[in-house]
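The values are calculated or read from the model by the stated rules, or taken from the named source; none is laboratory data. Source: prediction; values computed, not measured. Here the Cβ is made from the backbone with ideal geometry for all residues, glycine too, and neighbour counts use every protein chain on show.
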Amino acid sequence: MKARLIALIAVLVLLTNAPAWGKQPEPIKIGAFFALSGPAAAIGTPTKLVAEMVVDKINKEGGINGRPLLLVIGDTESDPAKAAAIAKKFIHQDKVAAIIGPTRTDTGMNVKKIVEEAGMPTFMTVGGDPVIMGGEKFGSFHYVFKSPQRSSVAVKRLYMYLQDNKITNVALLTASDSFGKDGEGWLENLAQEYGITIVAKESFGPRDTDMTAQLTKLKNADPQAIVCWTIGPAGAIVAKNMAQIGLNLPLFQCHGLPDPKYIELAGKAAEGNRMPATKLMAPDQLADDDPQKPVILEFIRLYKDQYKFDRQFPINTHSGYAWDAIMIVAEAMKKAGTDPKALRDAIEQTKGYVGVSGIYNLSPEDHNGLGVDSMIIVQVKDGKFVKAD
């Protein structure tokens, strides 16, 4: 009799709790793929951690109209083919509402057509412009957005600095991958507008370990400065090679290299190197009335003090890209829900979003929405990044 009573009570408890269980809101899935291995892992891994950090923040604050976000993580392995396979899985198997990532321009270009054909809102964290350039050469970008500054914006910011410092003759050294070629194109196309003459140019493979031959040729052209366009360890190799051959010229790197890892790899050769960067790289030097300052300081507090990611991955110029991408998508979801077309339209209508990497104003023509005012020029001084003089 006692056993039957206990069993009856258990059933009643289950029935009482069942409706509550059924009311649990269904999570909104977001696919997030980054280079967690391969040559771009130093960028992709902390980007994934930031993606998890911002989703945690959004969920603690009530999610998307009461529904939590759920990240479905993928590792592109820095491989365009792998990225394409993951994108298809996100769309057809995981049924995600949006995609964040990937890390490199070439992987982004390899998934661009896939997400466009599927009508999947995708906010990339790649540096190169082709993912949001249209026409016959680059294809539609109706559903594709990106959070890092366009290469064209970074080139304009760099050329403004060169112009202000009376540097008019430069030599280019660019990687042969999609990102390097994108930078090379803008460096050439915008040179005349800023009174810059390119006296010589050379290229190298992104996995090359010695660029002294190319640098020697550039040295013979007698430029006032060297401009290098690459991401990852190759940039540090260029700096060290310049020191090895006694090429005592100013070295300007691209907006993908402001990272303590660059200083670590280049060592003393990094001293004095300058490059365009997000304001995240010099927070203490921002004006108190800069709208980005409180956002950046809160990001740094979470990243360093609460999650302690900086112990393994010190903050770099890439750190805010996933934060901004997910925040913009989340705000659009709050307004438009998860219908792909409505969500895409809401993302495109983003105006005045104050992010870590800049103040975003998107439009049908510009799926990035950042201008030159979102960037500063930093230099390595005493082993740290500071705003350049």
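Overview of values
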{"read-out": "Condition check for Gly232: free of Cβ contacts under 8 Å to residues at least 60 places away in the same chain, surrounded by 16 or more Cβ atoms within 10 Å (Cβ to Cβ) and small (Gly, Ala, Ser)", "value": "no"}
{"read-out": "Only one of Val227, Val238, Val144 that is in the same structural domain as Met327 (by TED's automatic domain parsing), in contact (Cβ under 8 Å) with a residue 60 or more places away in the chain and buried (at least 19 other Cβ atoms within 10 Å of the Cβ)", "value": "Val144"}
{"read-out": "Failed criterion for Gln192 (all others in (1) within 27 Å of Ser374 (Cβ to Cβ); (2) within 27 Å of the chain's Cα centre (by Cα) hold)", "value": "(2)"}
{"read-out": "Filter result (more than 15 Å from Ala171 (Cβ to Cβ), aliphatic (A, V, I, L, M) and assigned to a loop (DSSP other than H, G, I, E, B)) within region 190-247", "value": "Ile231"}
{"read-out": "Verdict on Pro80 being touching a residue at least 12 places away in the same chain (Cβ under 8 Å), in the same structural domain as Thr317 (by TED's automatic domain parsing) and over 22 Å from Arg344 (Cβ atoms)", "value": "yes"}
{"read-out": "Unique residue being in contact (Cβ under 8 Å) with a residue 60 or more places away in the chain and polar (S, T, N, Q) when the list is Gln192, Gln253, Gln285", "value": "Gln285"}
{"read-out": "Count of region 148-184 residues which are among the polar types (S, T, N, Q), surrounded by fewer than 24 Cβ atoms within 10 Å (Cβ to Cβ) and either within 18 Å of the chain's Cα centre (by Cα) or part of a loop (DSSP other than H, G, I, E, B) (or both)", "value": "5"}
{"read-out": "Check on Thr16, hydroxyl-bearing (Ser, Thr, Tyr), crowded, with 23+ Cβ neighbours inside 10 Å and modelled with pLDDT under 95", "value": "no"}
{"read-out": "Sole residue being at pLDDT 95 or above, assigned to a helix (DSSP H, G or I) and not charged (D, E, K, R), chosen from Ala266, Ala277", "value": "Ala266"}
{"read-out": "Subset of region 363-373 (residues that are in contact (Cβ under 8 Å) with a residue 40 or more places away in the chain and buried (at least 21 other Cβ atoms within 10 Å of the Cβ))", "value": "His367, Asn368, Leu370"}
{"read-out": "Residue match in region 335-350 (condition: in the same structural domain as Ala42 (by TED's automatic domain parsing), free of Cβ contacts under 8 Å to residues at least 24 places away in the same chain, surrounded by 18 or more Cβ atoms within 10 Å (Cβ to Cβ) and hydroxyl-bearing (Ser, Thr, Tyr))", "value": "yes"}
